[in-house]
Amino acid sequence: MPSTGMWFAIDALTQRLKWPSRTRAAVVEIAEVGKYLALNEGDRLAGDVYPRLYCDADIRLSPTSITALVEALTPDEVMVAAPEVRSAVEESTWTVKVFFRAVENPLIAQWNYGLLAGRGLYGPSRAARRRFDVFPDLYADDLFFDSQSGPTEKIALSDATAVLRVPVNLRHLMKGEIRVADGNRQYRAAEHVDGGTTEHTAVHRDRFERSMRARITALWSAGESCVAATSYHSSSTLVFARRRT
């Protein structure tokens, strides 16, 4: 088993992250705002430790799931992996439950096949991480990461599950989906500026945009039935993110 470690790089964005008083994880605060900065700081702190897992702060993952992901990414070949996802809708309004029920319907979920973006956690093998230097200044870091690998290099592990905390009401579900769409537009704009696409990104773009259209359809269906309010707790990354107070 290779050397292991856990680093939480906290930027000036996420609030209310509570750290255990006794933990083997290293928590490092950075002054600047930006999830991509936290990801890059985590990479710097990790040094030569591989494989690596990058995760959002709004997921729960069991030790057995972490072990399965690490084992899948330990071989020398190019490989990227992510867990299956279960949406924790128990405390959400019924309209939010309708949305996620629609998103998880097989007819819609098929467009997520082959995509690691949107799963709350992803990881590369050593060889796969060499595909790029640093995470760019993009909201959709998982979309950028996903575009670096081809379909045969990706795996969504059935024996690893991430439990994703979701919005509690329709209002904040819509705000979250708008952020997703904004991140997609930013990624497309950056891709255009960089000049063209690779075969990987072309295939990835087609599937992702079909997935986005399916999510919009599901959101419209949920939105037809209710108006909601209240607040939603937002958070970020592993390399995680938090605002200083």
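Every number here is computed from the coordinates shown, using simple stated rules; none is lab data. Worth saying up front: this structure is predicted, and the values here are computed from it rather than measured. All Cβ positions, glycine included, derive from the backbone under ideal geometry; neighbour counts span all protein chains shown.
Under the 0.36 nm per residue contour assumption, what length would be gained going from the current alpha-carbon distance of residue 189 and residue 175 to full extension?
My answer for the length gained is 2.9 nm.
Using the count of nearby Cβ atoms within 10 Å as a rough guide to exposure, how do 67, 93 rank from fewest to most? Please list the in-between numbers first.
Details: 67 13, 93 20.
Listed from fewest to most nearby Cβ atoms, that is 67, 93.
Order these by the 10 Å Cβ neighbour count, fewest first: 177, 32. Intermediate values should be presented prior to the final figure.
Values: 177 18, 32 10.
Neighbour counts put them in this order, fewest first: 32, 177.
Could you check the spin-label model distance between residue 104 and residue 134? Points 7 Å from the Cα along Cα→Cβ, value in nm.
3.9 nm
Indicate the gyration tensor shape class of the stretch 32-184 (rounded, prolate or oblate), computed on the Cα atoms with a ≥ b ≥ c the square roots of the eigenvalues: a/c under 1.5 is rounded; otherwise a/b larger than b/c is prolate and the rest oblate.
prolate
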